[in-house]
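Below is one structure, written out as structure tokens; comments come after it.
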């Protein structure tokens with residue numbers, strides 16, 4: 001075995017101080033994370049107001065479609081819904097969503113990537 005020096009009370013106090021400092025920085029980061037995220041969201045909205053509005057609108061439409069399909073009668077497993085003809089709104093959704101989805105997904109990926117990039121930390 002190697003000879004090691006014994007741990008002194010001063011070593012313990014220094015270690016305790018370093019742990020307390022690290023914990024304080026961790027608490028500060030956790031508290032500041034939401035404000036930093038909201039600040040970057042606000043900045044993005046100011047820089048790209050039309051894209052932000054389009055994303056919000058499309059997100060709302062997607063949420064509406066998902067909720068209406070989940071809560072519609074016949075949404076249970078194994079049940080077939082008999083309809084004479086889908087409404088105009090459903091036809092428009094069926095045509096618009098596949099066209100717009102790649103643009104929205106790309107925008108969201110770029111935005112999240114910019115938030116998570118090491119440059120913004």
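Any read-out appearing in this document is the output of simple, stated calculations on the displayed coordinates, not a laboratory observation. Here the structure is a predicted model, which is why all the values come from computation and not from measurement. Please note: Cβ atoms are built from the backbone with ideal geometry, for glycine as well, and neighbour counts cover all protein chains shown.
What the table below lists for this structure:
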| read-out | value |
| --- | --- |
| Highest-first arrangement of 60-67, 18-25, where packing means the average Cβ count within 10 Å | 60-67, 18-25 |
| Distant alpha-carbon pairs in region 8-47 (separation over 12 angstrom), percent | 68 |
| Per-pair calculated FRET efficiency, R0 = 35 Å: residue 30 and residue 67 via Cβ, rounded to 0.05 | 0.60 |
